[in-house]
1. Could you tell me what percent of the DSSP beta bridges with both partners in the chain are antiparallel, to the nearest 5?
2. Work out from phi, with θ = phi - 60° and the Karplus expression 6.51 cos²θ - 1.76 cosθ + 1.60, the ³J(HN,Hα) of each residue of the stretch 102-115, listed in order in whole Hz, and give x for Gly and Pro.
3. For the chain, I need the span (max minus min coordinate) of the C-alpha atoms along each principal axis, in Å, sorted largest to smallest.
4. State to the nearest 20 debye the size of the charge dipole of the stretch 49-94 about its Cα centre, where the only charges are +1 on K and R beta carbons and -1 on D and E beta carbons.
5. Would you kindly compute the Cα radius of gyration of the stretch 10-106 and its largest Cα-Cα separation (Dmax), both in Å?
6. Using only alpha carbon pairs under 8 Å that are at least six residues apart, calculate the relative contact order of the stretch 129-221 and give it in whole percent.
7. In µm²/s, what is D for the stretch 56-124 at 4 °C and 1.567 mPa s, where D = kT/(6 pi eta Rh) by Stokes-Einstein and Rh is the Kirkwood radius from Cα pairs?
8. Summing Lys, Arg as +1 and Asp, Glu as -1, what charge do residues with Cβ under 12 Å from the Cβ of Pro96 carry, Pro96 excluded?
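A short reminder: the numbers here are calculations on the coordinates, not readings from a lab. The structure presented is a predicted model; accordingly, all values stated were derived computationally and were not measured. Heads up, the Cβs are rebuilt from the backbone with ideal geometry, glycines too, and the neighbour counts pull from every protein chain shown.
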Amino acid sequence: MIAVRNLSKSFITDRGKIEVLKEVDLDIRAGERIAVVGASGAGKTTLMHLLGGLDRPTSGSVHFAEKNIFHYSAQELDAFRNRSVGFVFQFHPLLPEFTALENVMMPALIGRSSAKEAGKKASEVLTAVGLQHRLDHKPGQLSGGEQQRVAIARSLVMSPKLLLADEPTGNLDSTTSDGILALLDHLHAERDLTIVVVTHSEKVAGRMDHIVRMTDGYLES
Ligand SMILES: Nc1ncnc2c1ncn2[C@@H]1O[C@H](COP(=O)(O)OP(=O)(O)OP(=O)(O)O)[C@@H](O)[C@H]1O
Ligand SMILES: [Mg+2]
């Protein structure tokens, strides 16, 4: 489903050029679950952003269903991100002024669903993550694990084929993170969701089909 070839990314800073990803190759089959592990600063988040078309590489390609996503027009890329990919960001808080339901409705509204349809889909996925009793709470009124589940619900509301989750259990206690893991297992079984998860947890990594390691911009499978 996804073929990453020779993917490199460098950033130009006032202290010179930083090479963050170095000729990364990776193949991901539909329905596969991959854990990306590696030290802080190794390039994991940068890789996730490129896989989901949130950033452009310096060189190399990402083919998704046989199309190079970096050849898409800006509009096509927006549509790809909205319809095919769900993101759970490492540092991307929910919108604090909006309720759980409204946060989860957002991608559906952006995807031009009617408010009614978006509300229906959003409450379905919030129910699937066990938050049917928290629809009208704002993020500040939710626990960390509940906020993380809202973020996962938001990433799934468009029924993406690919879920990119950057530290979905970061900062959660082991019971709550077990709950998130069980949720990912369930979604994988039910929807044959393809999952790429960045994690520092050996337990989370151990539950995936494959583990790949990033070391200083290089990927070892
Ligand atoms: N926009 C940017 N400009 C310059 N350097 C950047 C930029 N984004 C990331 N970097 C650098 O790229 C390297 C990799 O960053 P990245 O966020 O991918 O690491 P990571 O593996 O996700 O780390 P962590 O586990 O701490 O989240 C870091 O050294 C970082 O400083
Ligand atoms: Mg990161």
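1. Taking every DSSP beta bridge within the chain, about 50 percent pair in antiparallel fashion.
2. Using θ = phi - 60°, the values come out as 5, 4, 6, 5, 3, x, 5, 5, 4, x, 6, 6, 5, 4 Hz.
3. Sorted largest first, the three principal extents are 47, 39, 38 Å.
4. My answer is approximately 40 debye.
5. In order Rg, Dmax, the Cα atoms of the stretch 10-106 give 15.5, 44 Å.
6. After rounding, I find 25 percent.
7. This corresponds to a translational diffusion coefficient of 93 µm²/s.
8. Summing Lys and Arg as +1 and Asp and Glu as -1 gives -1.
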